[in-house]
Amino acid sequence: MISELERLLADAGYRCPAGGDLREFLLITRNHGSIPVTSDQHPGFAGRGFQLVLLDRRGNPSHYARCRWADDILFARECEYVTVLAMDEELAGLMPRFRTASSSTLRVLVSEYLSGGTHLGRLRRQSARSWLRAARSAAGLRDRLSERAHLLLPSLNNRLRGEVPSRIASERLDTLVHAGLPLDDARALASAVGPLDDCPGSVQHGDFWPGNLIRHQRSWWLIDYEEFGTVFAPLFDVLHFLQQTARIRAWGSTGPWLGEGASAMPSSWKHAFGSLLDGQIERLGMSPPQLAAAVTFYVVRMGSHRLRPGVSRQFAEPLLEDARTIARWARGSGALEDLLTWSKR
């Protein structure tokens, strides 16, 4: 496999320093079961590939590579998307340059190595004002990426036209019910998503959170495109950024961000959350019912995604609690200010 891997990496832009043994110039950062599959791995993750940091002749990181089996259709689609986007000059400095290569058995996706730390590393010590500056910059980056994707990737527009949020939520709610969500709550959530069907969708990154933003060359770069183009519901990315920020900062014990649970959030952070979201709402022209529907869709979709095989249940629990919060809200006041206590809308 090493000789094949070396050839593919070269085709995708990384050449092992002259005369060197590739094994001396790579670091395995994650192994999802390809080298080799181990008995303790869940079948849903086994064989998903491995990830590498590739070194230059001085031993410094120069490239990053993800490697999977050639018949992985989702990975092939991701490779197609990011290599097209990476060639767009208008996205230079916003996302890494990607190149891909494949054989009958392996496919690699290689990018330049970004040397900076992630926003996640800064988040726990950031002030609300500093967070808001970074979040606005990141949201602008995300918006630009979405706009260019619509122009450069026609296949995504075809998929967008077939997306109906209420139908997707209905299918996803079955997973939440099996995980313990009461049927009455599921019905309330299904009803709450309805207004989103009339709101224009757009390409979402899919995993837009502080851990996927890297500070490199004095600007923010967006990485990890595995979920790119799998979600089209408006505000999904920004809501994920907010939910993950609340979880990481952990006001109270679990970092709630909806309803009464957000009462422990400091006022400065409530203002920052509201300012980020309200700017996006104004840009999109969303009504209060559509905003509530977007929040509901996010919780249902992400909650069911976290309940997939191979993922620890603990990652889904905060979203299951969010689902219960929304259901109580929908059966109660139904007033947006009671759900998003930090929004100005």
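Tabulated values for the structure
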| read-out | value |
| --- | --- |
| Filter result (within 26 Å of the chain's Cα centre (by Cα) and outside any helix (DSSP H, G or I)) within the range 327-340 | LEU340 |
| Verdict on GLU171 being loosely packed, with under 13 Cβ neighbours inside 10 Å and part of a helix (DSSP H, G or I) | yes |
| Residues satisfying the stated conditions in the range 53-75, i.e. within 26 Å of GLN204 (Cα to Cα), in contact with a strand residue (DSSP E or B) (Cβ under 8 Å, 6 or more places away or on another chain) and either at pLDDT 95 or above or not aliphatic (A, V, I, L, M) (or both) | HIS63, TYR64, ALA65, ARG66, CYS67, ARG68, TRP69, ASP72, PHE75 |
| Boolean, SER343 is under 14 Å from LEU239 (Cβ atoms) and either part of a loop (DSSP other than H, G, I, E, B) or without any contact (Cβ under 8 Å) to a residue 12 or more places away in the chain (or both) | yes |
| Residue selected from the range 1-18 under the condition modelled with pLDDT of 90 or more and among the aliphatic types (A, V, I, L, M), by the criterion surrounded by the most Cβ atoms within 10 Å (Cβ to Cβ) | LEU9 |
| Where a residue in the range 154-176 is farther than 17 Å from SER202 by Cβ and its partner, wherever it lies, is among the hydroxyl-bearing types (Ser, Thr, Tyr) and assigned to a helix (DSSP H, G or I), with Cβ under 8 Å and at least six apart | ALA169/THR296; ARG172/SER304; LEU173/SER304; THR175/SER304; LEU176/SER304 |
| Count - residues of the range 89-147 that are part of a helix (DSSP H, G or I) and either farther than 24 Å from LEU239 by Cβ or basic (Lys, Arg) (or both) | 8 |
| Per-region count, the range 205-224, residues closer than 18 Å to GLU78 by Cα, in contact with a Gly (Cβ under 8 Å, 6 or more places away or on another chain) and touching a residue at least 40 places away in the same chain (Cβ under 8 Å) | 1 |
| Residues located in the range 247-259, provided they are under 19 Å from VAL300 (Cα atoms) and surrounded by fewer than 22 Cβ atoms within 10 Å (Cβ to Cβ) | ARG247, THR254, GLY255, GLY259 |
| Lone unmet requirement of (1) of a type in the set (Lys, Arg); (2) in a helix (DSSP H, G or I); (3) closer than 22 Å to ILE28 by Cα for ARG77 | (3) |
| Single residue of the range 78-134 satisfying the filter (of a type in the set (Ser, Thr, Tyr) and loosely packed, with under 13 Cβ neighbours inside 10 Å) that is farthest from HIS150 (Cα to Cα) | SER127 |
| Hits in the range 136-173 - residues which are among the aliphatic types (A, V, I, L, M) and touching a Ser or Thr at 6+ places or on another chain (Cβ under 9 Å) | LEU141, ALA149, LEU160, ALA169, LEU173 |
| Of all residues in the range 225-246 being without any contact (Cβ under 8 Å) to a residue 40 or more places away in the chain and in contact with a Gly (Cβ under 6 Å, 6 or more places away or on another chain), the one that is surrounded by the most Cβ atoms within 10 Å (Cβ to Cβ) | ALA246 |
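The values are calculated or read from the model by the stated rules, or taken from the named source; none is laboratory data. Given the structure is predicted, the values throughout are model-derived calculations rather than measurements. Don't worry about glycine lacking a Cβ; one is built from the backbone with ideal geometry, like all the others, and counts go over all protein chains shown.
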